[in-house]
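See structure below.
The values are calculated or read from the model by the stated rules, or taken from the named source; none is laboratory data. Quick caveat, the model's predicted, so the values are computed rather than measured. Note that each Cβ is placed from the backbone with ideal geometry, even for glycine, and that neighbours are counted across all protein chains shown.
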Amino acid sequence: MTELGTANLGVGQGMVVRYDFEPKILGFLCNWCCYAGADLAGVSRYQYPTNIRIIRVMCSGRVDPAFILRAFSKGADGVLVGGCHLDDCHYVTEGNYRALDMVGLFHKLLVQVGLSPKRLRIEWVSASEGNRFAELVSDFTRQLKALGPLGIAEGKGPEQLRLDLEAAESYVRKKLISYYIAPDKCQACMICLRKCPAKAILGSKDQVHVIVQEKCLGCGICLQVCPHRFGAVRRILADPVPPSIPEKDRVVARPRT
Ligand code: SF4
Ligand code: SF4
């Protein structure tokens, strides 16, 4: 067994990490491309490290920052978000662009709490790229081995790591991603209100709809179902959500015919 000095891993003075460290990786893979690529890697018998555990999601855009934080707080050393290549998303909402935005923001959050942004990776793998999937898991495993265990490599003890992840969680709860209905575009078709799983949308057939932010789960369904011709639902990244307009002013601005 080899021991690495502090300089190699960037750990605190006097801390030593053993080189036989096997990182735990959690992969959130989209059903249509990256998961199918992983499946192909398996049936094609491409060799790759067994460090990854996979959760299949219907779209990489479904991966919420809270899922990633949960993975880290449950002991993952790295998280992989895998989706279809850009512009190949199987949904009209282009969920992989959403995932890319989210990961970019999450990298900043990791830096903010003193963790390496290299612990979160986003990659595009098509259903026919089993070889690519095997290579990227091998590469990510190598990268995490070089980095070291979560927290220790960043010079944090378990308690400090817990506190830092809690701080990140409270930031995420304040929402990296929010949804907002533009009052001048909403045509009160009520589709979003009916589909919202959290009953977070208020409105009627004659009234501009509003999202009650405290109830909103951030699932993005309202954005997906709002008819394109209206395009009333907006996704807001990190910025504050504009206040809801008063109920008396929620008059639908119908286009003139
Ligand atoms: S993001 Fe999801 S929970 Fe929030 S208002 Fe839209 S549909 Fe409802
Ligand atoms: S689906 Fe769009 S247009 Fe219809 S009520 Fe909701 S926000 Fe308004």
Legend entry - Check on Phe133, among the aromatic types (Phe, Trp, Tyr), part of a helix (DSSP H, G or I) and out of contact with any helix residue (DSSP H, G or I) (no Cβ under 6 Å at 6 or more places or on another chain): no
Inset, instruction - Tell me, please, whether a residue that is at pLDDT 95 or above, hydrophobic (A, V, I, L, M, F, W, C) and part of a strand (DSSP E or B) can be found in region 139-151. - result: no
Legend entry - Looking only at region 223-240, and only at residues there that are assigned to a loop (DSSP other than H, G, I, E, B) and away from ligand 2 (no atom under 14 Å from the Cβ), the one that is nearest to Phe106 (Cα to Cα): Ala238
Legend entry - Complete set of residues in region 163-209 that are within 16 Å of ligand 1 (Cβ to nearest atom) and part of a helix (DSSP H, G or I): Val172, Arg173, Ile191, Cys192, Leu193, Arg194, Lys195
Inset, instruction - Confirm whether Ile191 is under 20 Å from Gly61 (Cα atoms), touching a Cys at 6+ places or on another chain (Cβ under 8 Å) and surrounded by 14 or more Cβ atoms within 10 Å (Cβ to Cβ). - result: no
Inset, instruction - Could you grab the pairs with beta carbons closer than 9 Å, sequence gap of 6+ or different chains, first residue in region 132-153 and surrounded by fewer than 23 Cβ atoms within 10 Å (Cβ to Cβ), second one in a helix (DSSP H, G or I) and polar (S, T, N, Q)? - result: Ala146/Asn8; Gly151/Gln160
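From Gly114, Gly82, grab the single residue that is touching a residue at least 12 places away in the same chain (Cβ under 8 Å), part of a loop (DSSP other than H, G, I, E, B) and within 25 Å of Lys145 (Cβ to Cβ). Don't jump to the end; show me each part of the working.
Values: Gly82 fails: part of a loop (DSSP other than H, G, I, E, B).
Result of the check over Gly114, Gly82: Gly114.
Would you be able to say whether some residue in region 210-222 is β-branched (Val, Ile, Thr), loosely packed, with under 14 Cβ neighbours inside 10 Å, more than 26 Å from Leu110 (Cα to Cα) and modelled with pLDDT of 90 or more?
If we filter region 210-222 for residues that are β-branched (Val, Ile, Thr), which is where we start, we get 210-212, 221.
From what is left, the residues that are loosely packed, with under 14 Cβ neighbours inside 10 Å are 212.
The next check asks that each one be more than 26 Å from Leu110 (Cα to Cα); those that pass are 212.
If we keep only those that are modelled with pLDDT of 90 or more too, we end up with 212.
Yes; the residues of region 210-222 include at least one that is β-branched (Val, Ile, Thr), loosely packed, with under 14 Cβ neighbours inside 10 Å, more than 26 Å from Leu110 (Cα to Cα) and modelled with pLDDT of 90 or more.
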